[in-house]
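Structure first, commentary second.
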Number of protein chains: 2
Amino acid sequence: MPEYELYYFDFPLRGEVARWLFVYGGIPFKDHRVSVEEWPKLKGNKKLFPYGVMPVLHVGNDRVAESHVINRFIARLAKLDHAEDPLDHARLDEVYELVRAFYDDAFKYVITVFGFIPGDKNKAFEEILVPAFEKHVPNIERNIKGNGWFSERGISHVDLFYGQLLDMLNIVAQDFLKSEPESYKFWQRVTAEPRIKEFVAKRKQ
Amino acid sequence: MPEYELYYFDFPLRGEVARWLFVYGGIPFKDHRVSVEEWPKLKGNKKLFPYGVMPVLHVGNDRVAESHVINRFIARLAKLDHAEDPLDHARLDEVYELVRAFYDDAFKYVITVFGFIPGDKNKAFEEILVPAFEKHVPNIERNIKGNGWFSERGISHVDLFYGQLLDMLNIVAQDFLKSEPESYKFWQRVTAEPRIKEFVAKRKQ
């Protein structure tokens, strides 16, 4: 069995979906948390970070980089990508792309709130987050099936991806998310999954 | 057996990789070519274009949309995604993301040349294509293995994706591509594959 070691900052954002996928899939992994202060000293370590970026996933002696690549890799590993049904898999991949587009837009707001890029938070809320939500979320929500997930076959990596994005928004724009019932319910549904619930509860302590 | 029908404009660009994947994989498909004039009349047809966009792939009574989703779907179908080796698959997925980032940047130049967006071609060459090439291509080329492909296991969907992107640049910026020996050789290598060679030769008649 290969040993999985994930390296990312000690906060959610781009590395968090990978953690959720491991946790939900019941796959043991080492969750290396690199502090913002440590990172400049560590990123030149080619053995640990061959690409000079995080998240990076060590799989035995191999390295997998780029968050979406890592997500898809763990999704396959955890059998959360519905690969056994090629059309369901492709349909989930469509939704993944919709969520990815929303993530890319919303991320600018999130990193403004966290102070990683300069900018007025209220202005960023009105000019970035709200339009991104209006543009992407109706297309995403249209794909939620009667069972509450993006596939009639049950939960997938894409539900965890979208749930984690909503969880991030619940941290930085809680009142806003609460005012959007469909997405708020989706966030509640994902974070009510026992293993995710436990992970998130521990994370917040 | 499902029947595959691809709808896209009568030119390469975002639908062409799908065609190459079908052709290389020896999978029969209907290559519907929609003219630029026809498209505004057809795009409201929800049966043909449920998302109002092209490319769209009809698989029996199902529809798959979004070029990367379609590419990955056909890659699996044609066994060109090396899914049998999860780490090789992930490594190829990494290169796919690098090529995708280059495609997104270079595409702005291509559609300027074709007149789909306004802009001066020479200015776009200097300000868009050249910097995009310098930014992305060294990272992509670093992944070419001794056998000339992105995996030591042999050709994959990512080679066809990058080869098709270079083929597009060979149409709009031939002299530039010729001046870049590594990429030029890669383009020659992909388009020398018998089925691709035959398809491209017919396409240009």
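FYI, it's all coordinate maths here, none of it is from the lab. Just so we're clear, the structure is a prediction, and the values are computed from it rather than from any experiment. Every residue, glycine as well, gets a Cβ built from its backbone with ideal geometry; the counts of neighbours run over all protein chains shown.
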Using θ = phi - 60° and the Karplus curve 6.51 cos²θ - 1.76 cosθ + 1.60, what whole-Hz ³J(HN,Hα) does each residue of the range A:149-159 get, with Gly and Pro shown as x? 10, 7, 9, 5, 7, x, 4, 9, 4, 6, 5
Nearest residue to the symmetry axis between A and B, taken on chain A by its Cβ, in whole Å: A:Ala83, 4
Candidates B:Val36, B:Val137, B:Val69; GNM for chain B (alpha-carbon contacts under 10 Å) flags as most fluctuating B:Val36
If you find the alpha carbon centre of the range B:108-142 and of the range B:1-75, how far apart are they in angstrom? 25 Å
Checking B:Ile111, B:Ile74, B:Ile140 against a Gaussian network model of chain B (alpha-carbon springs below 10 Å), the top fluctuating residue turns out to be B:Ile111
Once the range A:46-205 is represented by equal point scatterers at the alpha-carbon sites, with solvent omitted, what log10 I(q)/I(0) does the Debye formula produce at q = 0.17 Å⁻¹? -1.15
Within chain A, the percent of DSSP beta bridges that are antiparallel, given to the nearest 5, stands at 60 percent
Scalar couplings 3J(HN,Hα) for the range A:86-99 by Karplus 6.51 cos²θ - 1.76 cosθ + 1.60 (θ = phi - 60°), nearest whole Hz, x for Gly and Pro, are x, 6, 5, 4, 5, 5, 5, 5, 4, 5, 4, 5, 5, 5
Between A:Glu180, A:Glu193, A:Glu37, where does the largest GNM mean-square fluctuation fall for chain A, given springs only between Cα atoms within less than 10 Å? A:Glu37
Quick one: which residues, 5+ away or cross-chain, put their amide H under 5 Å from the amide H of A:Ser151? H built at 1.01 Å from N. A:Lys145
How big is the charge dipole of the protein assembly as shown about its Cα centre, in debye rounded to the nearest 20, if each Lys and Arg gets +1 on its Cβ and each Asp and Glu gets -1 on its Cβ? 220 debye
Scan around A:Phe9 for amide H atoms under 5 Å from its own, H built in the peptide plane at 1.01 Å from N, and keep only partners 5 or more places away or cross-chain. A:Val34
Going from the fewest other Cβ atoms within 10 Å to the most, one would list A:Ile171, B:Ile196 as A:Ile171, B:Ile196
Lys and Arg at +1, Asp and Glu at -1: neighbours of B:Thr191 with Cβ under 10 Å from its Cβ sum to 0
For A:Ser151, B:Ser179, ascending order of other Cβ atoms within 10 Å (fewest first) is B:Ser179, A:Ser151
Rounded to 0.05, the calculated FRET efficiency for the beta carbons of A:Leu87 and A:Glu37 at R₀ = 45 Å is 0.45
Please turn the phi angles of the range A:16-27 into ³J(HN,Hα) values with the Karplus equation 6.51 cos²θ - 1.76 cosθ + 1.60 (θ = phi - 60°), one per residue in order, whole Hz, x for glycine and proline. 6, 4, 4, 4, 4, 5, 4, 5, 4, x, x, 9
